[in-house]
Each structure stands twice: as C-alpha cells, then as structure tokens.
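Participant: Let me begin by handing over the structure; questions about it come next.
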Amino acid sequence: MPGDSLIYKLDPRGKFLITFYFIGIVFLANNVASYGFLLLFVLFAVYLSKINLGFFLKGLRPMFWLILFTVLLQMFFTPSEHPIWNFGVLTLSKEGMVISAYIFVRFVLIIFVSTLLTLTTTPIEISDSIESILKPLKAIKFPVTQIALMLSIALRFVPLLIDETTKIMDAQRARGVDFGEGGLIKRIKSFVPILIPLFVSSFSIAYDLAIAMESRGYRDGEGRSKYRMLKWEMRDTVAAIVMIVITGILLMIRSY
Amino acid sequence: MEIIFKNVTHAYEANNPLASLGLDDVSVKISDKKFTAIIGKTGSGKSTLVHHINALLKPTSGSVIVGDRTITSETNNKNLKPLRKNVGMVFQFPESQLFEDTVEKDIMFGPMNFGMSEEDAKSSAHDMIELVGLDEKYLEQSPFDLSGGQMRRVAIAGVLASNPETIILDEPTAGLDPVGRKEIMGLFKKLQMQGRTIILITHNMDDVADYADDVIVMHDGKIVGEGTPSEVFNDEKLLTGGMLTLPQSARFAQRLSQKRFKFDKLPITLDELSTEIKQQINGD
C-alpha cells in the first residue's frame, strides 16, 4: 500500500529483521503485564504507520479458523486442579481460559506485526533486503544473487498470473462454464479449462522474460550494481535500539 | 437483441481506498442487428462496458437491459447461461483460452456447455472452422501446434459455434497480418449481414470507417461521442480533444484540403475519398 509515514521510511532490511525479532520475543511474554505491554507497542507502531486499523483487522480474517481452533483447543484441553466444568476429556478451567486468551493475543500480535511489514514494504524491497541479509552466505558459495533474482521474479509474476487467471476465467465463463456449480467432481473438472491455458501462458511469459533479459545482456554473478540503494540511517538505528529496550522491559516484567 | 445501458456506474474494488470508477453514469443504446464500434484510449472503459453485456461484470448502480434480461447489481450469478449463449464474446488475444487436446473439441466446448448435443456441436465445429477460413484437416490437430493467427481463428470459431445473436469483439485483429485482418473483419461484417448484432472494440480507425454503422467514443469511463462514423469523425470537439484520430482517408483529405481541394465533410473510406477526388478533378 502506498504511504509516507515513518514506518514506510525505515530501511526494509531493518524492518524485516525487526519483524522477525519481534515475533521471537513475543514468546517471552507470559503474564498480563507483558502481553499488555507488547500489545500497546504494536498499536503504537500501527498508529505511527498512519494506516487505517481496518486493514490490520482484515489481515486477521484468513487466519480466523486457525485462531479459533487453537484457542478452543487450549481452552478445553488445559489440565487443571480446579475445573469449572468437566465433560469426558474436556475441561474448562480458569487457567485454560487465561492461556487461551494469551494465545489469542499472541496471534493478534504476530499477524499485526507481519501485516505492518507487508503493508509498508514493497515486495521488491523485501527481496532486496533478503539478498542483503543473506550476503554473508556468499562466503560458502551460496548463490545469493540468483536466489534473490528468483524471488523478485516470482513476486513479479504474482499479479501477472492473477490478471491472467481472471482473464481466462472470464473467457471460459463467456463460453458457458459455471464455476462453483454442481458436484465436487464437476467443480474440479471446471478448473481444467483454466489451469491448462494458465500453464501455457506462464511458460510463454517465462520464456519471453528469459529472452528479454538475455537480449539486454543480463549475466548473473559478480559486479552487478544496484538500481535501488538501501541506506541505513539514524532512525533505523533508533528503531533497533527501541527493540533492545523493549526486550529489556519485557525481561523485567515477565514472571519467572 | 437491443442492448440498453441505463445510468450504469461501475466502481472497481468498491470497498477499497484504491477504488476507481470504470464506468461513470453511462447511458447508451446499442441497436439490434447493427455493427457498433466502441473506440477510446486504453483505460477509457471500453472493455468494462462490454463486460456488462454478458454479466461478467455487474453494475454498481444502474441497469443493463439485454433483450428481455435486466442486469443490475442484484443479479444472481445463477441462470446466466441463456444470456451468455446469446451474447458471444471474443476477448483480446482469445488464443489464450484454448485448452482441449484437439481443435474440434475446443470449438465444441462452448456449444456443449450451452446444452447442444454432441453431434450438433460436431457439425457446428465443421461449419465454423470453414467459416473462419481454416481447412477441416486442422480439426484433428492440437490447438497448441498451430500458429498464432490460426489459434486466433480457432478461438473465434469456438465463440461463434454456439451461434450467438450478439457478438462482442475486443480487438479481435490485434497482432494479425493485414490480409488476415481483412478476412476476419469481412467475416464479422458478413455475420452482421446475416442478422447478428456486432459490437467491436478497436483502436483501428480504418476498421471503424470501413465496417461500423454506429460509433461510441469513450473517455475516462464516460461516453463522449455517439453517431455514425461520418458524424463522429467530422466532430471538431472530439478531434481537437484528442479523443480520437482520423482514418487514413480522412487524413489524406485533410492534407489535400490545404491545397486546392475542398471537402464539406471529410471522406472516411477509400471509396468516398476517390469519388470525391474524381468529382473535384472533373468539375474543375
């Protein structure tokens, strides 16, 4: 999503690492204070991004069933000395409810933070930062540039393939295909007229791309300069220090 | 079938901050059994407009009346088959819709979806392959072994095979060689003469001048001009507004009028141009 707030301006490498680091330290939290603290921090980051909270809530939607399932599992299967309600293997207790609430908050934290990363960082920036982060692996002959190139091409193909799919679906609909009608077998069969043209066109797009790159003299390996330079600035250092401070506070307020 | 758009607005991604208007309060009538051309810049809403005719898109507000069917935002996705059988649609680069292992099966795919029996579909495939100017021997081949131009013809045959009353063509000749283009356009004109309604989206003004009865000019999701080709190409406002360019013959006439020729109305086809020139030379 386009935007221009502080979070957007952070160096994508830093954002990428901080996001993963944060997902890691979420697991340090183990009481109301520490979870509340992390939640406040994430909401503050969301506020800094100046993106409508609705987009983050939308990010939760695809995970809804997974969250519900995990929460219910925790709620009914946590063993307890003082159950409120008992039915066979199912136990409902205060501890179980507290733990499931923690799990829920943990999901929300992780999803919000990763949504924050994907909303404020373009795919190309993410693949650039992966390349930059993996650079040390070059020492052991790991093909970092090639992997990064594959990544950015794959990302580039996603919108292309979505366009192509809608186009082909429309064309087959116009020829009388009804998607999502009839029994399971019929439904699966109705996807053949999409999948085959989609494969054919992705191969031809890939082939064209290869020729276009070659005719412009693409060679992988050493000495390629960068069009987009990543620059580490003061604010990125500050962001990193904030993360360290947060870890410190977290270690203090969590219970042992 | 007569097609009527009544105050149709279509917003892409209506619930998103990135929403954009594909169509902005469009009202237009497309006459039955006529050849109507829709022109306008890329992104002006031409494709969005025609996608409403067989309910691939539904209006955000307003209604589209196609024959005895009315399509509004509430139209259900079920029961659209009769409509889609009557409105055939040839998409841009239709060769990308081919998927069967033989050309014959691919042409039969549409008709059989619309409930035609296998024998009827087969005979229809034989008729259609000839109609689009390919030899019957291609029926047994895989569509992926054909050249691009041949694939295009097979795809067009696949749409015509269900015998639609209205045929929508979205730049059907893009990327074809000049001879192929003329053949294909001639075929569509012939189909119209046989009593079908043809709607053509094109960027080729010569095709508009040569084949169309009516023209609709679109700009930014709105209809900015309507009329016969001769009316539209003589419309100062549209020309100076950069919303359309002139066909070759009209451009030639424009250059001639800077010399000693005079045209009350720009001739738009080669025939009109040559008659005019002949008259003026003989008249002097």
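No lab work stands behind these numbers, since they all come straight from the coordinates. Just so you know, these numbers come straight off a predicted model, no measurement behind them. For neighbour counting, all protein chains shown are included, and Cβ atoms are generated from backbone atoms with ideal geometry for every residue, glycine included.
Participant: If each residue's Cβ is checked for other Cβ atoms within 10 Å, how do A:VAL245, B:VAL26 rank with the fewest at the top?
Facilitator: Sorted ascending by nearby Cβ count, the order is A:VAL245, B:VAL26.
Participant: Calculate the FRET efficiency for B:LYS137 and A:PHE44 from the Cβ-Cβ distance with a Förster distance of 60 Å, rounded to the nearest 0.05.
Facilitator: Given R0 = 60 Å and the Cβ-Cβ separation, E is 0.25.
Participant: Below 8 Å, C-alpha to C-alpha, sequence gap of six or more: please give me the relative contact order for the stretch A:133-215 in percent.
Facilitator: Relative CO of the stretch A:133-215 lands at 23 percent.
Participant: Stokes-Einstein diffusion coefficient for the stretch A:72-112 at 37 °C in a medium of 0.692 mPa s, Rh from the Kirkwood formula over Cα pairs: what value in µm²/s?
Facilitator: For these conditions, the coefficient is 313 µm²/s.
Participant: What whole-number distance in Å separates the alpha-carbon centres of the stretch B:133-156 and the stretch A:226-252?
Facilitator: 60
Participant: Counting helices only, and only those DSSP H runs with n ≥ 4, report the 222 nm mean residue ellipticity of chain B as the sum of -39,500 (n - 2.57) divided by its residues, in deg cm²/dmol to the nearest 500.
Facilitator: Calculated mean residue ellipticity at 222 nm is -11000 deg cm²/dmol.
Participant: Now for a separate question. Mind checking which helices in chain A clear 15 Å along their axis (Cα) and have mean Kyte-Doolittle hydropathy of 1.0 or more, DSSP H runs only?
Facilitator: Helices meeting the span and hydropathy rule in chain A are A:32-49, A:64-77, A:94-120, A:192-215, A:234-253.
Participant: What is the Rg over Rh value, at two decimals, for the protein assembly as shown, using alpha-carbon atoms and the Kirkwood definition of Rh?
Facilitator: Answer for the protein assembly as shown: 1.08.
Participant: Among DSSP beta bridges whose residues both lie in chain B, state the antiparallel percentage, nearest 5.
Facilitator: So the antiparallel bridges amount to about 55 percent of the total.
Participant: Would you mind pulling out the separation of the Cα centroids of the stretch A:188-210 and the stretch B:224-255, in Å?
Facilitator: 40
Participant: B:LYS137: which lysines have alpha carbons under 29 Å from its alpha carbon, excluding same-chain residues fewer than 8 sequence positions away?
Facilitator: A:LYS189, B:LYS85, B:LYS105, B:LYS122, B:LYS182, B:LYS189, B:LYS190
Participant: Another question, if that's okay. Straight-line reach from A:LYS226: which lysines have Cα under 23 Å away, leaving out those fewer than 8 places along the same chain?
Facilitator: Once the sequence-local lysines are set aside, what remains near A:LYS226 is A:LYS9, A:LYS15, A:LYS135, A:LYS138, A:LYS141.
Participant: Same structure again: Using θ = phi - 60° and the Karplus curve 6.51 cos²θ - 1.76 cosθ + 1.60, what whole-Hz ³J(HN,Hα) does each residue of the stretch B:236-242 get, with Gly and Pro shown as x?
Facilitator: 3, 4, 5, 5, 6, x, x
Participant: When a footprinting reagent is the concern and you count Cβ atoms within 10 Å, what order do B:ASP145, A:ASP236 take, fewest first?
Facilitator: B:ASP145, A:ASP236
Participant: Right, here's the next one. Where does the stretch A:71-215 land on Rg/Rh, using Cα atoms and the Kirkwood Rh?
Facilitator: 1.19
Participant: Oh, and also: Could you tell me which of rounded, prolate or oblate describes chain B, using a ≥ b ≥ c as the square roots of the eigenvalues of the alpha-carbon gyration tensor, with rounded for a/c under 1.5 and, failing that, prolate when a/b is larger than b/c and oblate otherwise?
Facilitator: Oblate, since a/c reaches 1.5 and b/c is not below a/b.
Participant: Out of the stretch A:165-256, which GluC sites (Glu not before Pro) are coil in DSSP terms and have no more than 10 other C-beta atoms within 10 Å?
Facilitator: A:GLU222
Participant: Which whole number gives the average, over all residues in A:189-201, of C-beta atoms from other chains lying within 10 Å of the residue C-beta?
Facilitator: Taking all residues of A:189-201 together, the mean is 3.
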